[in-house]
Amino acid sequence: MNLNFKAGLFLLILLSLSCDSGKLKIIADLPTSLPEISAVEKLPNSDVLWVIQDAGNNNHLYGLNTKGKIIKDIEITNAKNIDWEDLTADSLGHIYIGDFGNNDEKRKRFEIYKVKPTEATEAIAEIISFELPKKQKPKDFEAFVLHNGYFYIFSKETKKFITIKVPNKPGEHKAEVTEEFNLDDKNNRITSATISSNGSRLYLLNHNKVWEVTNFNWDAIFEGTIKSYKFEHNSQKEGVCIKNSNTLYITDEFKKNEGGNLYEFQIH
C-alpha cells in the first residue's frame, strides 16, 4: 500500500466519522400517554428526566427514567396549565415550570411555578408572576433558563426575538427587556433552552437545530460566540437539557406518526 493511498484512506475515515457525528440518537420512546411533551429537565446528581405537557393538558410534573417510563407523577395543586412551555432547575433541587406560552399573543400575565420534587404525589408551588413592560407588544415565550437569581426568557419568533429578565422571587414583577436579536438562519423559533452548570454555555433549541452560545455575559448574551448544530430531520422538538459536558437530551412531540422520542445529541 503506497503512502498516498494510505493518506487518502485515513482522510476518508476521518470524513466518514465527522459525517456521523452530531446526529440525533434515539434512546427511548416517550410514553404514548404524554404526546405533547413541551420540556425536559434534569436535576444535578440525578438521572430522572422531568417533563411537562403544554396548553390544554393537566397540571402534572412527570419524572421519567432514561428508558422513557413514567416513574413519578406530581400534581401541582395550586397551578393551572394555561400554556406550560419549558422547565429549568437550580442547584438546590427545585424545578421551575414556565407557564408563559402565548400563541394568540393576548396574555398579559405570566407565571413561573417553583416546586421541589419529593416522594409525594402532590405539591404546592411558589409562584413568580410577571408582566411585560407597558410599551412592549405581547409575545409568545417557550424557552427560559435560570442564572444568578434571574430567569432569562426568550420569545418565539421567525426572525428577531427578545430576551426578558425576571427575578427569581415569589410575587409580582415587571419583566425587563435585555436584548433583541435575529439569529442567522431562516427559522429562529426557539422552543426550549438550557445552560451548563457554571452558566458558560447556553443552548437554544429549534425544530431542526440547536444553537450553542459561549463567551458571553448575561447582559449581552448574543454578543457572544454563536454556533449552530443542525439535525437530520425536522420534527417538533420542544425540550432540551444537558446530560453531561458534551451531550444533550432532546425530546419531540408525537404528531402524525412522527416523533415522541427521547434523543441524545453529541456536541463537539
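Where a number appears in this text, it was derived from the coordinates with a stated rule and is not lab data. Everything quoted here is computed from the prediction, not taken from an experiment. Ideal geometry is used to build each Cβ from the backbone, glycine not excepted, and the neighbour counts take in all protein chains shown.
Non-local amide H neighbours of Glu142 (under 5 Å, H modeled in plane, Pro and chain starts lacking H): which ones?
Phe154, Lys156
Would you please give the FRET efficiency between Lys256 and Val48, computed as 1/(1 + (r/R0)^6) with r the Cβ-Cβ distance and R0 = 35 Å, to the nearest 0.05?
So, using R0 = 35 Å, E works out to roughly 0.75.
Would you mind finding the longest exposed-site-free stretch of the chain, with exposed trypsin sites (Lys or Arg not before Pro) meaning DSSP loop and at most 16 other Cβ atoms within 10 Å?
187-255
Residues with amide H under 5 Å of Leu64's amide H, sequence separation 5 or more or different chain, H placed in the peptide plane at 1.01 Å from N; which?
Residues meeting the amide H criterion: Leu49, Trp50, Val51, Ile71.
How many nm is it between the label spots at Asn244 and Lys159, if each spot is 7 Å from the Cα in line with the beta carbon?
Each label point lies 7 Å from its Cα, and together they span 4.3 nm.
Who wins for biggest fluctuation among Ser155, Ser228, Ser200 in a Gaussian network model of the chain, springs between alpha carbons below 10 Å?
Of the options given, Ser200 has the highest mean-square fluctuation.
Could you work out how much longer the chain between Ile26 and His268 gets when fully extended? Use 0.36 nm per residue separation minus the Cα distance between them, nm to one decimal.
85.3 nm
With Kirkwood's inverse mean 1/r over C-alpha pairs for Rh, give me the Rg to Rh ratio of the chain, two decimals please.
My calculation puts Rg/Rh at 1.01.
Can you list the HN-Hα couplings for segment 179-191, worked out from phi with the Karplus curve (6.51, -1.76, 1.60; θ = phi - 60°), rounded to whole Hz and with x for Gly and Pro?
7, 10, 7, 10, 5, 7, 5, 6, 10, 10, 6, 6, 10
So how strong a dipole does the chain carry about its Cα centre when Lys and Arg Cβ are +1 and Asp and Glu Cβ are -1, to the nearest 20 debye?
Computed charge dipole of the chain: roughly 520 debye.
Angle check, please: helix 3-20 long axis (alpha carbons) against the longest principal axis of the chain (alpha carbons), in degrees 0 to 90, nearest 10.
Relative to the chain, helix 3-20 is tipped by roughly 20 degrees.
Scan around Leu30 for amide H atoms under 5 Å from its own, H built in the peptide plane at 1.01 Å from N, and keep only partners 5 or more places away or cross-chain.
Excluding prolines and chain starts, which carry no amide H, the hits are Asn261, Leu262.
Specify which residue in the list Ile267, Phe141, Thr121 is farthest towards the positive end of the charge dipole of the chain, using unit charges on the beta carbon of Lys, Arg (+1) and Asp, Glu (-1), about the Cα centre.
Ile267
Let me check I've understood the local charge: for His60, count other residues with C-beta under 9 angstrom from its C-beta, Lys and Arg +1, Asp and Glu -1. What total comes out?
-2
Between Asn148 and Lys108, what length comes free when the chain is fully extended (0.36 nm per residue of separation minus the Cα-Cα distance, one decimal in nm)?
Taking 0.36 nm per residue and subtracting the Cα distance, the gain is 11.8 nm.
List the pairs from Lys67/Lys230; Lys134/Lys243; Lys72/Lys134; Lys69/Lys243; Lys23/Lys67 whose alpha-carbon separation is above 29 Å, in the order I gave them. Present the calculation step by step, with values, prior to reporting the outcome.
Numbers: Lys67/Lys230 25 Å; Lys134/Lys243 39 Å; Lys72/Lys134 40 Å; Lys69/Lys243 17 Å; Lys23/Lys67 19 Å.
Table pairs above 29 Å Cα-Cα are Lys134/Lys243; Lys72/Lys134.
Tell me the relative contact order for the chain as a rounded percent, counting alpha carbon contacts under 8 Å between residues six or more apart.
RCO, the chain: 17 percent.
Go through Pro170, Asn78, Asn103 and say which Cα lies farthest out towards the positive end of the charge dipole of segment 60-202; charges sit on Cβ, +1 for Lys and Arg, -1 for Asp and Glu.
Going by the charge dipole, the pick is Asn103.
Determine the sum of side-chain charges near Lys114: Lys and Arg each +1, Asp and Glu each -1, restricted to other residues whose C-beta is under 11 angstrom from that of Lys114. Working shown, then result.
Details: positive: Lys116, Lys169; negative: Asp90, Glu111, Glu126.
With Lys, Arg at +1 and Asp, Glu at -1, the neighbours total -1.
Would you mind computing, in nm to one decimal, how far apart the modelled labels at Lys116 and Asp73 are, each placed 7 Å from Cα along Cα→Cβ?
So the label points at Lys116 and Asp73 sit 2.6 nm apart.
Ordered by residue, what ³J(HN,Hα) values in Hz, to whole numbers, does segment 136-142 give under the Karplus form 6.51 cos²θ - 1.76 cosθ + 1.60, where θ = phi - 60° and Gly and Pro are x?
With the stated coefficients, segment 136-142 comes to 8, 5, x, 9, 9, 10, 9 Hz.
Compute the signed sum of charges (Lys and Arg +1, Asp and Glu -1) over the other residues within less than 15 Å, Cβ to Cβ, of Ser91.
For residues surrounding Ser91, the net value is +1.
Given DSSP loops and a limit of at most 14 other Cβ atoms within 10 Å, what is the longest stretch of the chain that contains no such GluC sites (Glu not before Pro)?
No qualifying site falls inside 120-231, the longest such stretch.
So for segment 162-224, Kirkwood radius off the Cα pairs, Stokes-Einstein at 4 °C and 1.567 mPa s: how many µm² s⁻¹?
On the way: Rh = 13.1 Å.
My calculation gives 99 µm²/s for D.
With a Förster radius of 30 Å, plug the Cβ-Cβ distance of Glu131 and Ser91 into 1/(1 + (r/R0)^6) and report the FRET value to the nearest 0.05.
Working: r = 28 Å, r/R0 = 0.94.
Computed FRET efficiency for Glu131 and Ser91: 0.60.
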